[in-house]
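J.: Let me give you the structure first, and then I'll get to my questions.
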Amino acid sequence: MPHLRRFPTSGALYDGAAAMIVALLQAAIAERGRAALALAGGSTPRGVYERLAAPPLAGELDWSRIFVYFGDERCVPPNHPSSNFRMANEALLSRVPLVPDHVFRIDAERPPADAAARYAALLDAAPPLDVVLLGMGDDGHTASLFPGTPGLDSPDAGPRAMATTSPLAPTNRVSLTLRAINESRDVLFLVSGAGKAARLAEVLREQASGCPTLPAARVHARSVTWLVDSAANPAR
Ligand code: 6PG
């Protein structure tokens, strides 16, 4: 069953998420000498990344042992305002001493199917992801797995990355598949704002029922934690 952690404000959510990410990465490094982190896109994670890049948390991680992947990418150049890489690079990657070769950007300038095949091959050759950060759209999508995306009904088969299309521009995307996400150790959903409340409640109901239909409800992994603010999940 997923865990739910409710925070009074978005700022408290960012603080709590950043602290949890550091603890999980430290544990992975202690156990296996390295940690693989997949970053979420969109706007919510920026506050978390900024906290990871600043004292005190930035100094608590051996960044040389951290391998960074992306949960999804919009098919735009890496300096485009809509690029998830650009957001993560501004907020985190350019501010901490990662090994550049340990940051695996999705080549979103390539044709989507080509970029997806390359990323899938990269993931096939790598250990399972330790920590996967995800957001949730108000339609119940996660990463760039939107309702109606092919393959949602066979989450444990197929490639670990795929080309998808979004109803929202930029329409062409590359996304981790449920297979890659569900093979990971710890998934953290970051959900903020009243606009997500109704859909979040629906997704949590679907997960509790064991009959998921929405993409976000289909995520299981070894451990799934929803980190939400009160606006997205008002106290019952
Ligand atoms: C993307 C994200 C997407 C995002 C949700 C929530 O590329 O847009 O991967 O899944 O996490 O749409 O976005 P916000 O955090 O902006 O609400």
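J.: With just the Cα atoms defining each centre, how far is segment 58-127 from segment 14-37? Give it in Å.
T.: Here the answer is 17 Å between Cα centres.
J.: Let me ask another. Through the Karplus equation 6.51 cos²θ - 1.76 cosθ + 1.60, θ set to phi - 60°, convert the phi angles of segment 179-193 into ³J(HN,Hα) values in whole Hz; use x for Gly and Pro.
T.: Per-residue couplings from phi come out as 4, 5, 5, 6, 7, 6, 7, 10, 9, 10, 8, 10, 10, 9, x Hz.
J.: Taking H placed 1.01 Å from N in the peptide plane, check which residues at least 5 places from Ser166 or on another chain put their amide H under 5 Å from its amide H.
T.: Under 5 Å from the amide H of Ser166: Asn172, Arg173.
J.: Right, next: When the distances between all Cα atoms of segment 1-55 are binned every 5 Å from zero, what whole-number percent does each bin get?
T.: Pairs per bin, as whole percents: 4, 18, 22, 26, 19, 8, 2.
J.: Hey, rough spin-label estimate for Thr165 and Arg205, points 7 angstrom out along Cα→Cβ, what's it come to in nanometres?
T.: The two pseudo-label positions are separated by 3.0 nm.
J.: Return the ratio Rg/(2.2 N^0.38 Å) for segment 59-177, where Rg is computed over Cα atoms only.
T.: Compactness ratio reported: 1.06.
J.: Next question, about the same structure. Work out, in µm²/s and without decimals, the Stokes-Einstein translational diffusion coefficient of segment 101-236 at 37 °C, 0.692 mPa s, Rh from Kirkwood over C-alpha pairs.
T.: Numbers: Rh = 15.4 Å.
Using the Kirkwood radius from Cα pairs, D works out to 213 µm²/s.
J.: Same structure, new question: Bins of 5 Å, beginning at zero and ending with the bin holding the largest distance: percent of Cα pairs per bin for the chain, please.
T.: 1, 7, 15, 20, 21, 18, 12, 5, 1, 0
J.: Over the chain, what is the mean sequence separation of C-alpha contacts under 8 Å (at least six apart), divided by residue count, expressed as relative contact order in percent?
T.: Computed over the chain, the figure is 25 percent.
J.: Taking a temperature of 20 °C and a viscosity of 1.002 mPa s, what whole-number D in µm²/s does Stokes-Einstein yield for segment 1-107 with Rh from Kirkwood over alpha carbon pairs? Mind dumping the intermediate values first?
T.: Numbers: Rh = 14.4 Å.
Rounded, D is 149 µm²/s.
J.: Projecting each Cα onto the charge dipole of the chain (Lys/Arg +1, Asp/Glu -1 at the beta carbon, about the Cα centre), which of Pro56, Pro81, Gly41 comes out farthest on the positive side?
T.: The residue sitting most towards the positive pole is Pro56.
J.: Arrange the peptides 149-156, 196-203 so that the one whose residues have, on average, the most other Cβ atoms within 10 Å appears first. Intermediate values should be presented prior to the final figure.
T.: Details: 149-156: 13.6, 196-203: 18.5.
Answer by packing, highest mean first, reads 196-203, 149-156.
J.: Determine one quarter of the surface area of the Cα convex hull of segment 173-236, which equals its mean projected area, and express it in nm² to one decimal.
T.: 4.9
J.: Could you pull out every residue, at least 5 positions away or on a different chain, whose amide H is within less than 5 Å of the one on Val132? Hs are placed 1.01 Å off N in the peptide plane, and Pro or chain starts have none.
T.: When sequence neighbours closer than 5 places are left aside, the close amide H contacts are Ala38, Asp186, Val187, Leu188.
All of the numbers you see were taken from the coordinates with simple rules; none came from a lab. From a predicted model like this one, the values you see are computed outputs, not experimental measurements. Here the Cβ is made from the backbone with ideal geometry for all residues, glycine too, and neighbour counts use every protein chain on show.
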